Amino acid sequence: MALFDHTIKELEEKLHNNEIKVADLVDASYQRIHEVDDQVRAFLTLNEENARAAAKELDKSEDKSGSLFGMPTGIKDNIVTKGLRTTSASKILDNFYDPLYDATVMNKLYEQSAITIGKLNMDEFAMGSSNENSGYFITRNPWNTDYVPGGSSGGSAAAVAAGEVLFALGSDTGGSIREPAAYCGVVGLKPTYGRVSRFGLVAFASSLDQIGPITRSVEDNARVLEVLAGQDPMDSTSAHLAVPKYTDALTKDVKDLKIAVPSEYLGEGVSSEVQEAVKKALKVYESLGATWEEVSLPHSKYAMATYYIIASSEASANLARFDGVRYGVRAEADNMMDMFKKSRSQGFGEEVKRRIMLGTFALSSGYYDAYYKKAQKVRTLMKGDFDKIFADYDVVIGPTSPTPAFKIGEKTDDPLTMYANDILTIPVNLAGVPGISVPCGFSEDGLPIGLQIIGKHFDESTVYRAAHAYEQATDHHKKRPQIGGANE
Amino acid sequence: MTNISKEQVKHVAELARLEVTEEEADMLTDQLSEIITAAELLNELDTTNVEPITHASDLKNVLRKDEPKVWITKEEALKNAPDQKDGHFRVPSILAD
């Protein structure tokens, strides 16, 4: 059994009993990276020297009390790390080797003595569902390297699935934690909007972005969220609410659990394999004593349009900061305006430019009310759909993604086809509620399928309880990928 | 189908401080027209009496005291700059020749 097949709790016991050292965990991480990362390509930057030095320090320490003491983690490259290159997988930040500060989530990880192994690949500025929009290279799905790992946190999900790190941080604006977690057969949670500080997260769409953990088990996920969650004076959108002990929720059963299953989530556009896997999961819940009923999210068909207007509008404003003046790459030009334009045009990739254009159009004079304001109103209706369901049910369950992972290159020709991939995850961000993806089976081609469990605002405890009960009743999460493509 | 013109695309690119080639402008004209047409699905919905929301949390204005504190030094602020002079960020000439 590989070290990373253990939970954080099991590894903690081994450390406390002196069966292993932190140096062994860090070794295991880099050894695995050297073995498989030329195929998986999850990492943009390694932090090997610092990580080994940190391991040495921790091994000398008497106090081993940190709840993530010595645990090797990978960080999505849009989370700012002091002195460690942070690019958001964009060429415009290619030379950003020396960020000035750590994101709040990094400080929280370090307070609990976690170790940063490296920075993980993603779609540029988190815009994408496949990692094909990285400015550097495409991360591969560890289950079959001809397939995408999902996105935008594709590097994070792939690194966890491939056993290169014990856990990873991702960010989720329209499904960017849950979709890659589903495609790579791991557990990924998007917390409630406001649950985790975004200070130090490179902003994409500020009314939607959240940071969350990607892990191999629900238990580890709950443990990491306990560390990440909480109010932060540096992020005024972070909520003034106490952080529950999420791991305590895992011990409770689901006998009283009332599940809502939106008919739209098991209808047109969702592949039959995925529908079957979700229906089997509902049977598991029945066997555990939970009840489920079909409901409707009547506005879900408007989610994609609403999301792409709102997210792109916010992105067009947020990405105005990349101008070649204070940091990042500058293109040479004779005057300032040309310098702005050349730096941005050369630095941003195709998808990022497309979304900046879309957002700028939607916010421009004469179109603001017709597109942006309209989308904000429809968002109100979508939030209302969830409010109504959650008055009667504890969780909403459906698939994470309409299909398992698709082949690299399969959807790159048409932006709308790619955008449609996010239809089941987007409503969760628009409503601001928490959602998790847990493994719930495999396709005929051997690719993982994800089950999405959505909860009430700030009720991650119930989401974790439902996810854990299902996980413990099934074996999907115990399978491990044999790294390699179909042609290898 | 809502058609966005190539002139509009060039205007929006100017607003977004992006340089687009003729070829890119053609491609974006087609793609943005398609995306905007897809977004017009929202017009099916009567939202006359619906209030827009800017985010989905219950947060209201969050205020704090406006007190100065040490954050970063000038040297730190400048260390990642592509160009600097005398403690300032330096840019090419603002007025065209």
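See the values below:
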{"read-out": "Filter result for B:A16 (closer than 23 Å to A:A305 by Cα, within 10 Å of chain A (Cβ to nearest Cβ) and among the hydrophobic types (A, V, I, L, M, F, W, C))", "value": "yes"}
{"read-out": "Considering residues of region B:59-73 that are surrounded by 10 or more Cβ atoms within 10 Å (Cβ to Cβ) and within 24 Å of A:V325 (Cα to Cα) only, the residue farthest from the chain's Cα centre (by Cα)", "value": "B:T73"}
{"read-out": "Tally of residues being assigned to a helix (DSSP H, G or I) and either within 20 Å of B:T37 (Cα to Cα) or within 7 Å of chain B (Cβ to nearest Cβ) (or both) across region A:316-330", "value": "1"}
{"read-out": "Enumeration of residues in region A:246-273 that are outside any strand (DSSP E or B), surrounded by 20 or more Cβ atoms within 10 Å (Cβ to Cβ) and β-branched (V, I, T)", "value": "A:T247, A:V254"}
{"read-out": "Pairs where the first residue, in region A:162-186, is at pLDDT below 95 and the second is assigned to a helix (DSSP H, G or I), C-beta under 8 Å, 6+ apart", "value": "none"}
{"read-out": "Any hit, region A:376-384, residues being under 21 Å from A:A305 (Cβ atoms), facing another protein chain (nearest Cβ under 7 Å) and outside any helix (DSSP H, G or I)", "value": "no"}
{"read-out": "Criterion: at pLDDT 95 or above and either more than 14 Å from chain B (Cβ to nearest Cβ) or not in a loop (DSSP other than H, G, I, E, B) (or both) - qualifying residue of A:L100, A:L68", "value": "A:L68"}
{"read-out": "Every residue from region A:167-219 that is within 9 Å of the chain's Cα centre (by Cα), hydrophobic (A, V, I, L, M, F, W, C) and part of a loop (DSSP other than H, G, I, E, B)", "value": "A:I177"}
{"read-out": "Test: A:A303 is within 19 Å of A:G174 (Cα to Cα), within 14 Å of chain B (Cβ to nearest Cβ) and not polar (S, T, N, Q)", "value": "yes"}
{"read-out": "Among (1) more than 14 Å from chain B (Cβ to nearest Cβ); (2) surrounded by 24 or more Cβ atoms within 10 Å (Cβ to Cβ); (3) β-branched (V, I, T) - the single one A:I454 does not satisfy", "value": "(1)"}
{"read-out": "Region A:336-359, residues that are among the charged types (D, E, K, R) and either within 9 Å of another protein chain (Cβ to nearest Cβ) or not in a helix (DSSP H, G or I) (or both)", "value": "A:D338, A:K341, A:K342, A:R344, A:E350, A:K353, A:R354"}
{"read-out": "Every residue from region A:274-307 that is assigned to a helix (DSSP H, G or I) and either of a type in the set (A, V, I, L, M, F, W, C) or in contact with a Lys or Arg (Cβ under 8 Å, 6 or more places away or on another chain) (or both)", "value": "A:V274, A:A277, A:V278, A:A281, A:L282, A:V284, A:A303, A:M304, A:A305, A:T306"}
{"read-out": "Residue match in region B:65-74 (condition: under 21 Å from A:F340 (Cβ atoms) and either at pLDDT 95 or above or among the β-branched types (V, I, T) (or both))", "value": "no"}
{"read-out": "Condition check for B:I53: facing another protein chain (nearest Cβ under 9 Å), at pLDDT below 95, part of a loop (DSSP other than H, G, I, E, B) and surrounded by 14 or more Cβ atoms within 10 Å (Cβ to Cβ)", "value": "yes"}
{"read-out": "Residue in region A:60-109 that is nearest to A:E12 (Cα to Cα), counting only those that are free of Cβ contacts under 8 Å to residues at least 40 places away in the same chain and surrounded by 18 or more Cβ atoms within 10 Å (Cβ to Cβ)", "value": "A:T81"}
{"read-out": "The listed residue being touching a residue at least 24 places away in the same chain (Cβ under 8 Å) and either more than 7 Å from chain B (Cβ to nearest Cβ) or of a type in the set (G, A, S) (or both), out of A:A362, A:A333, A:A370", "value": "A:A362"}
{"read-out": "Tally of residues being modelled with pLDDT of 95 or more and closer than 21 Å to A:R223 by Cβ across region A:455-488", "value": "18"}
{"read-out": "Residue that is farthest from the other protein chains (Cβ to nearest Cβ), among those in region A:71-83 that are within 20 Å of A:G154 (Cα to Cα) and not polar (S, T, N, Q)", "value": "A:P72"}
{"read-out": "Residues of region B:27-50 that turn out to be under 25 Å from the mean Cα position of the chain (by Cα), more than 7 Å from chain A (Cβ to nearest Cβ) and among the acidic types (D, E), as a count", "value": "2"}
{"read-out": "Criterion violated by B:V91 - all others in (1) closer than 30 Å to A:A420 by Cβ; (2) facing another protein chain (nearest Cβ under 8 Å); (3) aliphatic (A, V, I, L, M) satisfied", "value": "(1)"}
{"read-out": "Residues located in region A:401-413, provided they are of a type outside the set (A, V, I, L, M), in a loop (DSSP other than H, G, I, E, B) and under 18 Å from A:T139 (Cβ atoms)", "value": "A:S401, A:P404, A:F406, A:G409, A:E410, A:K411, A:T412"}
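The values are calculated or read from the model by the stated rules, or taken from the named source; none is laboratory data. Everything numeric in this text was worked out from a predicted model, so none of it was measured. Positions of Cβ are backbone-derived with ideal geometry, glycine not excepted, and every protein chain shown enters the neighbour counts.
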